[in-house]
Structures are given as C-alpha cells and as structure tokens.
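Asks: Before we start, here is the structure in question, set down as structure tokens.
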C-alpha cells in the first residue's frame with residue numbers, strides 16, 4: 001500500500017541524486033557505513049553511490065518522503081516488517097556497481113552487518129508486523145532547524161492513525177533521546193563483534209495500544 005502524508009513531500013525518482021548527496025553529507029562519519037565499505041572512511045563519491053542505490057531500492061519497496069521539495073531532510077520507512085531489500089531490486093537500482101566502485105567485499109560485509117542486526121531482532125519479541133524506519137537524515141547545513149522533528153512528528157502521527165508499531169536501529173547513543181521524544185524505547189543492543197559496529201534496537205507502540 002502507498003502511504004499518504006500530506007505534511008511531507010513524496011520524493012520523486014528524479015530527486016534521488018540530490019537525496020543521495022544529502023545522505024552522503026549527513027553520514028560522513030558513520031561507523032556502519034565505514035564497516036560495509038571495508039573499514040576505511042569512504043569518499044563522498046562512494047557514499048553518494050551507496051545511498052543512491054539504497055534510496056532507489058527503498059523507494060521501490062517502501063516509502064520515501066522529504067520535508068519539502070527543497071529536500072531539507074528525508075525519511076524512508078517500510079510499511080511492514082522488513083526482511084531486507086530483494087536482491088533483484090538492489091541489483092536493478094545499481095547495486096551491481098558497488099563491488100567495482102566502492103569495495104570488492106561490500107556484499108559480504110552487508111550480509112554480515114544485516115545478520116548481526118537480524119540476530120538482535122530475533123532475540124526480542126514485539127517486532128512482528130512493525131513498520132521499519134530505514135533512514136532519517138537532515139542536510140548538515142540545515143540541521144538544528146526542526147526538520148528532523150517535523151518528519152518524525154509526521155511519521156508518528158501516521159503510525160498512530162494506522163495503529164502500527166515501528167522499529168528502528170541506530171548506532172549512535174546520542175540519537176536515543178531524540179527518538180525517545182517520539183515514543184521509541186530501547187529493546188536491545190547488538191554489541192560490537194568481528195568489527196561490526198554495535199546497534200541499538202528501538203520500538204514504538206502506537207498510542208492507541210498504550
């Protein structure tokens with residue numbers, strides 16, 4: 001099903017390159033991305049390619065919105081329990097380029113990263129049927145102006161309207177208080193193993209179920 005959120009702008013396909021640039025700037029020093037790219041800080045060009053592939057894939061399998069057509073910030077979520085991006089969609093979105101342009105072992109690293117997070121989810125109950133918040137990013141030059149909060153308010157209002165749970169993962173402890181403001185609570189931590197950054201799992205219960 002396609003979700004309508006009137007207060008947000010639905011990202012179009014031709015917006016994807018600009019959204020990928022935004023995400024590449026926002027995740028300049030991201031440990032998870034660094035692991036998937038082979039342990040070195042990836043260049044802006046590599047980060048942009050990675051996010052262009054991911055955003056194109058998520059747009060086909062989920063929902064992608066921005067604050068406005070100025071693309072100050074973007075939010076991407078799946079309306080249902082996420083089982084990852086189908087390989088056909090990933091390759092069609094340009095994923096086949098990543099081993100050549102970013103890191104020859106990126107597919108192996110993505111599988112290891114996803115397996116660790118999947119193990120954390122399977123160890124906890126309450127995620128069945130939950131929507132998944134895949135990405136929330138605000139352009140660094142526009143941070144501090146309430147754009148992230150505006151997107152989260154719009155999303156959580158829709159979650160309550162749909163009586164839907166929502167799950168997310170974040171590696172940064174500083175993000176926890178931000179998400180807690182919108183009703184998320186920590187359900188577990190994966191722990192750092194084999195060089196894979198630790199992730200916090202967070203869940204939100206719709207207000208109608210509280």
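The values are calculated or read from the model by the stated rules, or taken from the named source; none is laboratory data. Remember, predicted model here, so these are calculated numbers, not experimental data. Here Cβ is always computed from backbone atoms with ideal geometry, including for glycine, and neighbour counts include all displayed protein chains.
Asks: Which numbered condition trips up residue 85, out of (1) touching a helix residue (DSSP H, G or I) at 6+ places or on another chain (Cβ under 6 Å); (2) modelled with pLDDT of 90 or more; (3) in a loop (DSSP other than H, G, I, E, B)?
Replies: Residue 85 satisfies every listed condition except (2).
Asks: Looking for something modelled with pLDDT of 95 or more, in contact with a strand residue (DSSP E or B) (Cβ under 6 Å, 6 or more places away or on another chain), within 25 Å of residue 105 (Cα to Cα) and not in a loop (DSSP other than H, G, I, E, B) - is there at least one such residue anywhere in the range 25-43?
Replies: yes
Asks: Could you identify the single residue in 145, 181, 153 that is in contact with a helix residue (DSSP H, G or I) (Cβ under 9 Å, 6 or more places away or on another chain) and either surrounded by 13 or more Cβ atoms within 10 Å (Cβ to Cβ) or under 19 Å from residue 75 (Cβ atoms) (or both)? Give the derivation first.
Replies: Working: 145 fails: in contact with a helix residue (DSSP H, G or I) (Cβ under 9 Å, 6 or more places away or on another chain); 153 fails: in contact with a helix residue (DSSP H, G or I) (Cβ under 9 Å, 6 or more places away or on another chain).
Just a single option satisfies the conditions, and that option is 181.
Asks: With the checklist (1) in contact with a helix residue (DSSP H, G or I) (Cβ under 6 Å, 6 or more places away or on another chain); (2) outside any helix (DSSP H, G or I) in hand, flag the one item residue 160 doesn't pass.
Replies: (2)
Asks: Need pairs with beta-carbon distance below 9 Å; first residue exposed (fewer than 15 other Cβ atoms within 10 Å of the Cβ) and within the range 86-100, second in a loop (DSSP other than H, G, I, E, B) and at pLDDT below 95; sequence gap 6+ or separate chains.
Replies: As it stands, the answer is 99/105, since those pairs meet every condition given.
Asks: Kindly provide the set of residues from the range 167-201 that are under 18 Å from residue 80 (Cα atoms) and either assigned to a loop (DSSP other than H, G, I, E, B) or modelled with pLDDT of 95 or more (or both), ordered by number.
Replies: Result: 184, single match.
Asks: Inside the range 111-132, can you point out the residues that are in contact with a helix residue (DSSP H, G or I) (Cβ under 7 Å, 6 or more places away or on another chain) and modelled with pLDDT of 90 or more? Don't jump to the end; show me each part of the working.
Replies: Quick first cut of the range 111-132, residues in contact with a helix residue (DSSP H, G or I) (Cβ under 7 Å, 6 or more places away or on another chain) only: 113, 127, 131.
Result: 131, single match.
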